[in-house]
Amino acid sequence: MEKGFSEGMNKSMKDLNEAFDEYTSPTKKAGHAYAVRGSVAMAAGIAFLVMCGVFGFDSPLLSILFATIAGINLTISMYYLAPH
């Protein structure tokens, strides 16, 4: 009984360590970093689109500037969120 339990625990710990190593691998971390950067760039792009709509009534030049910045941010976010 003791030997079987000990072997089972060793196998469980080995499986747990392998899963942890896979989760904390540099590839997985890089993917998470890309997702965070893409999400932040997407939020900034949407914020600039909203500001473009709000300030567009008073100043067309400001609206064009915000739309340009929004386009750049949304392009960057699509790069980061695309599967690599």
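If we scan the range 8-29, do we find a residue that is out of contact with any strand residue (DSSP E or B) (no Cβ under 6 Å at 6 or more places or on another chain), at pLDDT 65 or above, loosely packed, with under 12 Cβ neighbours inside 10 Å and of a type in the set (Ser, Thr, Tyr)? Within the range 8-29 (the criterion being out of contact with any strand residue (DSSP E or B) (no Cβ under 6 Å at 6 or more places or on another chain), at pLDDT 65 or above, loosely packed, with under 12 Cβ neighbours inside 10 Å and of a type in the set (Ser, Thr, Tyr)), the answer is yes, since at least one residue qualifies.
Give the residues of the range 39-70 that are surrounded by 14 or more Cβ atoms within 10 Å (Cβ to Cβ), assigned to a helix (DSSP H, G or I) and not aliphatic (A, V, I, L, M), sorted by residue number. Within the range 39-70, 45, 48, 52, 55, 63, 66 meet the criteria.
The values are calculated or read from the model by the stated rules, or taken from the named source; none is laboratory data. Remember, it's a predicted structure, so these values are computed and weren't measured experimentally. Positions of Cβ are generated from backbone atoms using ideal geometry, with glycine treated the same way; all protein chains shown enter the neighbour counts.
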